Amino acid sequence: MGGRIAPDLRLAVGAFRPVPGKGPRDECGVFGVYGHPEAARLTYYGLYALQHRGEESAGIAVSTGDRLLSHRGMGLVTDVFRDEDLARLQGPHAVGHVRYSTTGSSTLANAQPIVVETRRGSLAVAHNGNFVTARAVRARLEDEGAIFSTTSDTEVLAHLIARHRGGGGIEEALVVALQELTGGYALVLLTEDRLLAVRDPHGIRPLSLGRLGDAWLVASETCAFDTVGAEFVRDVAPGELVMIRDGHLRSRQALPAASPSRICVFEYVYFARPDSNLQGRNVHAARKEMGRELWREAPVEADLVIGVPDSSISAATGFAEASGIPYEMGLIKNRYIGRTFIQPQQGLRAQGVKIKHNPLRLILEGKRVVLVDDSIVRGTTIRHLISLLREAGAREVHLRIASPPYRFGCHYGIDTADIRDLVARGRDVEAIREAVGADSLHYLSVEGLARAVGTAGYPGSGFCMACFTGEYPVPVDEKAGKFALEARRHAP
C-alpha cells in the first residue's frame, strides 16, 4: 500500500453528540457476540454490565453478513444508545466497547470500536489495554506515508492489519501485526463473517468465552455473561487467538505464551466487579481474603471496621471477620459519582471527593475506627475521607490498605503512568501516614496479596504487580505517557 494508505483505510467516524459532564472510571471493557438474532441488544446489556470499566464513551458495531454498521458516542452506555439506534444495528454478530482513555484523549474520534475499510473487507476493532510499542510503530508508518485519524494505539493495529501483504486472510494479518505490537491487551475484532478474540501472551488483561444457546460470546469479565443469561465456558488463554465462523469455534496459539502468565493483580484489587471470576478465582472472595491477610499482618485495637464504598467493602468485611471487630457502614456513597482517582483532571478529582461520601456521625462519634481501602494511588481521596471521619467524631483512624504501595506507573491499560502523581513514590510508609493524617497505616505485603489472590486451579499462573514492584513483564518506555501518540513530530 505504501504511501496510498488513506484510500484503503478509511475510519468510519459518525457525527455523534458528546455528552458533557460524565466522569470516566478505569480502563476499557470489550464484549462480542457471534450468532444471535439480537446481537446489538445483547451487546448493549453486556456493555452495561461492564460500565465500571469505562464511562468516557461507548460503541457497538454489527455485521449484517455483508457489511458492518456502527454507532458510537461519548458518555455512558445509556446515554449513547437509544431504542432507534439499536433497532438500526440489525445483524447476528456484534462487538462492543466501553472506554476509559489510557492512550489518547477522550474524544469521539478515539471512541471504539473503530471501524475501517481494507482491501480484505470491513473490520471493527475493540481493544482493552495498551500497546507499549505503538509509538515507534506509528512513527515508522507515518514515515512510510500512513495517515492517522485518531491518537489511539488501536488504530496502529488497524493500519498494520490493512498493510499486511501476505496470505492467510485477516487472521494471519492480525497475528503478524501483534508480533510488532507488544504490551498488555485483550482484543475483539469483527468482520462481515467472523468474530476474533485474542489475548496478550502474558495474559495481563482478562478475556473470557461464553455461550448463550447456539451463540458464542466473549467479554472482559464473566459478570457480563451473568447479566445476559449466558454460561461461562473458559478464559481465553494467554497468546491464544479464537476465531468463530459459521457457528464453529477454532483456536490457535497465535503467540508464544509466557510462563508464568501475568494477569493484572489490580483487576482483583480494584477494577473487576466482585461478582466476576478471573482465572477461576471469584473477585469478592479474593478481596475478603485480602482483608483477612491485612489483619494477620497488622492487627489493631479498635471499635469498628468500615470500608471505602464500594470496591473496599469486601476487604473490610474480611478484616472484620478475621479480627472479630464489628463491621459498620460508616461512609455513605453518592452512587451517581464515578470513581475519583482516575478522572483526568486533578480539579475534577478534588471536587468529586467532596460530594462523593458522607460520614455517619451516629456510628463514628467517639470510636476507634479501622478504615479499609483497596489502594492509595494519588492520596487525594483517602486524605479527605480521614478528615471527614475525624470531623464526624472518630477518636482514632487506623488505615489498612488491601494492596502494597502503588509506586510505579502502569503501561498496560491503567491511566497511572505519570509517576509524579503517586503518593507512595519517594515516600516511606510513615511519611505517607503523616501525609494522609492516619493514626496508623499498613499496606498489605506483596506476599500477602499473592496468597490472597492465589489461583490454584490455574497452574503456572502468576500476576503482573509492576505497579507495586516495578518489575514489568513486557519492557516499557517509562517516559511514554497517556498522550504519547499526540506528540507532534516536526520534519527537519
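Summary of values
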read-out	value
Theoretical gain in end-to-end length, Ala136 to Asp79 [0.36 nm per residue, Cα-Cα removed]	16.9 nm
Net charge over other residues, Cβ less than 15 angstrom from the Cβ of Ile432 (K, R count +1; D, E count -1)	+1
Mean Cβ neighbour count within 10 Å, used as a protection proxy, ranking 237-246, 63-72 highest first	237-246, 63-72
Fewest-first ranking of Thr222, Thr191, using other Cβ atoms within 10 Å as the exposure measure	Thr191, Thr222
Sorted by Cβ density within 10 Å, fewest first, the residues Asp415, Asp83	Asp83, Asp415
Footprinting exposure proxy for Val305, Val175 (fewest neighbouring C-beta atoms within 10 Å first)	Val175, Val305
Distance in nm between pseudo-label sites at Ser259 and Ser387 (7 Å out along the Cβ direction from Cα)	5.3 nm
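All of the numbers you see were taken from the coordinates with simple rules; none came from a lab. On a predicted model such as this, the values are computed, not experimentally measured, just so you know. Cβ: placed from backbone, ideal geometry, glycine included. Neighbour counts: every protein chain shown.
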